[in-house]
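Working notes, structure below.
The values are calculated or read from the model by the stated rules, or taken from the named source; none is laboratory data. Note that the coordinates shown come from a computational prediction; the quantities given were computed from them, not determined experimentally. Cβ placement follows ideal geometry from the backbone for every residue including glycine, while neighbour counts extend to all protein chains displayed.
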Amino acid sequence: MKNPSVDTHLLPADNLGTAPLLAVDNLHVEFKTRQGLVRAVNGVSYALHAGETLAVLGESGSGKSVTAQAIMGILDMPPANIPKGEIRFRGTDLLKLSDNARSQIRGQQIAMVFQDALSALNPVFTVGWQIAEMFRVHRGMSKKAAYAKAIELMDRVRIPAARQRVNDYPHQFSGGMRQRIMIAMSIALDPEVLIADEPTTALDVTVQAQIMELLAELQRDSNMAMILITHDLGVVADVADKIAVMYGGRIVENAPVHDVYKNPAHPYTKGLLESIPRVDLKGQELYAIKGLPPNLLDMPTGCAFHPRCPYRQDDCVTDVPPLHEISGTRSSACHYWREVLDGVQG
Amino acid sequence: MASKGELILEVRDLVKHFPLTQGIVVKRQIGSIKAVDGVSFDLHRGETLGIVGESGCGKSTLAKLLMALETPTSGSVRVAGKDLATAKGADLKRIRRNIQMVMQDPYTSLNPRMTVGDIVGEPFEIHAEVAPKGDRRKKVQDLLEVVGLNPDHINRYPHQFSGGQRQRIGIARGLALQPEIIVCDEPVSALDVSIQAQVINLLERLQDEFGLAYIFIAHDLSVVRHISDRVAVMYLGKVVEIGKDTEIYDRPSHPYTQALLSAVPVPDPEGRESRERIILQGDPPSPANPPSGCRFRTRCWKAQEICAQEEPLLQIRPGVGHPSACHFAEAHDVVHATG
């Protein structure tokens with residue numbers, strides 16, 4: 001059944017040379033709705049190497065999750081449609097593969113952790129059964145061996161008394177423990193890329209710290225590449241190597257993490273960073289990006305951010321800014337990125 | 001009317017236990033959820049008290065008790081000198097007018113079948129003395145303008161507004177009766193990041209304009225710090241530490257506060273490898289069966305025998321300067337410390 005060109009998980013990662021492990025290239029995703037065509041993703045490109053953590057930052061409706069779902073191949077098509085673009089994993093375009101070949105990759109080589117573990121886990125099966133299913137379906141293990149593996153994994157994600165809890169149902173676990181089970185399922189088959197879609201948004205801060213530490217440790221152990229989708233600027237600063245900031249279905253800034261926090265090159269990123277409450281500015285008004293995020297059914301002309309942008313000039317209303325390269329590793333989709341970097345408002 | 005700085009809300013030993021029952025026909029009480037278990041604090045006019053804590057620590061139950069939406073098991077809430085628990089009829093109505101609430105989720109806390117005008121004007125139906133009938137529409141439009149909405153949108157429905165605008169509608173409703181205290185239960189957590197700052201600025205502006213006192217319940221510690229004059233940290237139904245914002249954030253003395261502060265990701269990648277991080281083990285215990293003595297001892301790295309036997313009281317401890325409920329309280333700056 002397996003397409004030989006896809007069966008690549010035997011290749012060691014270093015065979016790639018400098019080529020990225022996963023590359024999204026000019027991806028477009030649209031949804032047919034009763035109100036019209038929604039262009040959720042409009043030409044998104046990013047690349048990921050083994051062991052790297054890419055944070056995709058954006059608000060609701062920015063297209064960050066849809067991009068991830070397209071990579072995983074879990075978009076419902078229709079209503080979704082991918083008119084353009086490539087998703088290359090180890091050089092192979094996933095979008096050109098058969099459904100069968102893709103389901104081989106899904107879970108084995110690219111896995112995903114969802115935001116809401118309670119609705120992502122099946123309530124009528126025990127967690128042990130759900131983790132063991134990965135081994136039975138993908139590895140053809142016996143029921144007994146798969147259960148043993150499940151317990152081993154539950155230990156690895158540090159669920160206390162794994163052996164006793166393997167036959168418990170999802171509702172018997174706390175939120176943090178459920179997220180650990182989700183993580184156990186996603187790393188079961190040693191994927192090379194892990195997509196974590198807001199993995200800690202539903203959790204308390206002390207539990208969030210536990211989960212982020214666990215993910216970082218698993219990543220170190222296996223040199224896994226990770227795409228972390230989030231809207232939390234704090235989490236990004238803690239773990240990311242590089243950042244892709246999304247707005248209105250496009251990437252507006254792409255850069256190593258230190259550069260972005262030190263000196264953002266897009267007005268939207270700059271606005272987000274400035275609106276974080278800071279100790280030394282207590283008592284003063286917070287900087288607020290004015291206006292509202294764009295409506296995907298009625299996108300502004302030109303740059304999607306122009307109605308809210310303090311750097312706006314006439315051409316922002318008419319011309320869509322391309323992703324300007326600033327240096328080898330940085331780019332910004334703003335006509336006036338130089339002014340933004342220098343902090344001079346036009 | 002109270003003058004600025006005057007005591008306006010006094011909470012003393014507030015307790016709320018929810019009974020746990022077993023049996024369908026004959027219900028027996030088999031225990032209780034100790035959601036709020038002995039909470040005391042004061043709030044002054046024009047002041048903001050931030051309340052932080054994780055889910056299940058009782059902060060939302062506390063909000064309901066303050067609003068007289070739940071009856072306390074014991075303890076008292078005094079609003080401008082009047083006890084909420086013993087007040088009845090017209091008296092209770094007057095007190096309730098004075099303390100209003102802004103809810104967390106602007107998507108579910110506004111009735112989708114009512115227009116904005118009806119939603120914001122509904123409090124006037126109950127408290128007709130605030131706005132005579134003929135005057136209401138004008139009043140509602142004024143309120144909409146105060147919170148930064150277009151007064152001409154009075155006949156629109158909630159679904160025609162974005163999340164941030166809906167939260168403004170909720171705030172306008174909270175302001176309608178000219179209260180002195182507003183309880184904000186996670187007012188920005190459901191909003192997009194770029195919208196949160198707008199709503200926080202609005203709340204601060206309204207506070208200055210109307211001299212409001214806020215109880216600001218949130219889990220986002222940086223937001224709480226920005227808006228609060230004083231902060232109370234809750235764990236399993238109890239306040240474990242309370243003090244001025246600088247005392248709590250720069251010199252936290254309770255291990256839980258320290259862990260909470262160190263767990264908050266700092267939005268700056270500089271020096272992230274060397275930042276001090278206290279990672280707590282496990283989850284908070286169930287409030288139905290809290291640990292003996294100090295409730296935090298099961299997750300605490302400082303726990304000793306005395307912690308299991310004797311409950312630490314919330315009091316000023318040597319070398320700390322603000323009340324802390326830990327036998328081994330010790331001020332320690334975790335946010336700026338590296339190492």
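Observations, loosely collected:
- One residue stands out among those in the stretch A:64-101 that are of a type in the set (Lys, Arg) and crowded, with 19+ Cβ neighbours inside 10 Å: the one that is farthest from the chain's Cα centre (by Cα), which is A:Arg90.
- Residue in the stretch A:272-284 that is at pLDDT below 90, within 24 Å of A:Val66 (Cβ to Cβ) and in a helix (DSSP H, G or I) present: yes
- Here B:Pro323 fulfils each of the conditions (1) of a type outside the set (A, V, I, L, M); (2) buried (at least 21 other Cβ atoms within 10 Å of the Cβ); (3) within 30 Å of A:Lys262 (Cβ to Cβ) apart from (3).
- Restricting the stretch B:161-193 to residues that are of a type in the set (S, T, N, Q) and more than 12 Å from chain A (Cβ to nearest Cβ), the residue that is nearest to A:Tyr247 (Cα to Cα) is B:Gln167.
- Exactly one residue among B:Arg136, B:Arg156 is out of contact with any His (no Cβ under 9 Å at 6 or more places or on another chain), touching a residue at least 40 places away in the same chain (Cβ under 8 Å) and away from every other protein chain (no Cβ under 14 Å), and that residue is B:Arg156.
- Here B:Gln196 meets each of (1) touching a strand residue (DSSP E or B) at 6+ places or on another chain (Cβ under 8 Å); (2) facing another protein chain (nearest Cβ under 8 Å); (3) closer than 27 Å to A:Asp241 by Cα with one exception, condition (1).
- For the stretch A:270-293, residues that are within 11 Å of chain B (Cβ to nearest Cβ) and touching a residue at least 24 places away in the same chain (Cβ under 8 Å) total 5.
- Residue in the stretch B:308-326 that is closer than 29 Å to A:Phe173 by Cβ, more than 25 Å from the chain's Cα centre (by Cα) and more than 10 Å from every other protein chain (Cβ to nearest Cβ) present: yes
- Taken together, the residues in the stretch A:163-177 that are in a helix (DSSP H, G or I), away from every other protein chain (no Cβ under 14 Å) and more than 17 Å from A:Leu153 (Cβ to Cβ) amount to 1.
- Taken over the stretch A:314-346, the criterion of being assigned to a loop (DSSP other than H, G, I, E, B), touching a helix residue (DSSP H, G or I) at 6+ places or on another chain (Cβ under 9 Å) and over 18 Å from A:Asn263 (Cα atoms) is satisfied by A:Pro321 alone.
- In the condition set (1) within 9 Å of chain A (Cβ to nearest Cβ); (2) under 15 Å from the mean Cα position of the chain (by Cα); (3) over 30 Å from B:Ala176 (Cα atoms); (4) not hydroxyl-bearing (Ser, Thr, Tyr), B:Asp283 is compliant with all but (2).
- The residue that is farthest from the chain's Cα centre (by Cα), among those in the stretch A:307-329 that are touching a residue at least 60 places away in the same chain (Cβ under 8 Å) and within 13 Å of A:Val252 (Cβ to Cβ), is A:Ile326.
- A:Gln104 surrounded by 13 or more Cβ atoms within 10 Å (Cβ to Cβ) and more than 21 Å from A:Tyr46 (Cα to Cα): yes
- Only one of the listed residues (B:Gly56, B:Gly50, B:Gly46) is in contact with a helix residue (DSSP H, G or I) (Cβ under 6 Å, 6 or more places away or on another chain) and buried (at least 18 other Cβ atoms within 10 Å of the Cβ). That residue is B:Gly50.
- Within the stretch A:24-66, the set of residues being under 13 Å from A:Val193 (Cβ atoms) and outside any strand (DSSP E or B) comprises A:His49, A:Ala50, A:Gly51, A:Glu52.
- Test result for A:Ala304, of a type in the set (Gly, Ala, Ser), part of a loop (DSSP other than H, G, I, E, B) and touching a residue at least 24 places away in the same chain (Cβ under 8 Å): yes
- The single condition among (1) in a loop (DSSP other than H, G, I, E, B); (2) within 11 Å of chain A (Cβ to nearest Cβ); (3) in contact with a helix residue (DSSP H, G or I) (Cβ under 8 Å, 6 or more places away or on another chain) that B:Pro291 does not satisfy is (2).
- Residues (among the β-branched types (Val, Ile, Thr), more than 14 Å from every other protein chain (Cβ to nearest Cβ) and closer than 30 Å to A:Ser222 by Cα) located in the stretch A:29-55: A:Val44
- Pair list, Cβ < 8 Å and 6+ apart or interchain, from the stretch B:94-120 residues that are in the same structural domain as B:Leu191 (by TED's automatic domain parsing) to residues that are among the β-branched types (Val, Ile, Thr) and part of a loop (DSSP other than H, G, I, E, B): B:Arg97/B:Val130
- Check on A:Leu203, among the aliphatic types (A, V, I, L, M), assigned to a loop (DSSP other than H, G, I, E, B) and closer than 20 Å to B:Gln281 by Cβ: yes
- Filter result for A:Thr200 (of a type in the set (Val, Ile, Thr), within 13 Å of chain B (Cβ to nearest Cβ), within 13 Å of the chain's Cα centre (by Cα) and buried (at least 24 other Cβ atoms within 10 Å of the Cβ)): yes
- Residues (within 12 Å of another protein chain (Cβ to nearest Cβ) and in a loop (DSSP other than H, G, I, E, B)) located in the stretch B:210-268: B:Ala218, B:His219, B:Asp220, B:Ser228, B:Asp229, B:Val264, B:Pro265, B:Val266, B:Pro267, B:Asp268
- Note on the stretch A:250-263: among residues that are touching a helix residue (DSSP H, G or I) at 6+ places or on another chain (Cβ under 8 Å) and surrounded by 24 or more Cβ atoms within 10 Å (Cβ to Cβ), the one that is farthest from A:Met299 (Cα to Cα) is A:Val260.
- Residue check: A:Ile211 meets all listed conditions (1) free of Cβ contacts under 8 Å to residues at least 12 places away in the same chain; (2) part of a helix (DSSP H, G or I); (3) within 13 Å of chain B (Cβ to nearest Cβ) but one, namely (1).
- The combined condition, being surrounded by fewer than 22 Cβ atoms within 10 Å (Cβ to Cβ) and under 23 Å from A:Glu285 (Cβ atoms), is fulfilled by B:Glu186.
- Checking the stretch B:191-198 against the condition returns a match, with at least one residue being polar (S, T, N, Q), free of Cβ contacts under 8 Å to residues at least 24 places away in the same chain and either surrounded by fewer than 23 Cβ atoms within 10 Å (Cβ to Cβ) or in contact with a helix residue (DSSP H, G or I) (Cβ under 6 Å, 6 or more places away or on another chain) (or both).
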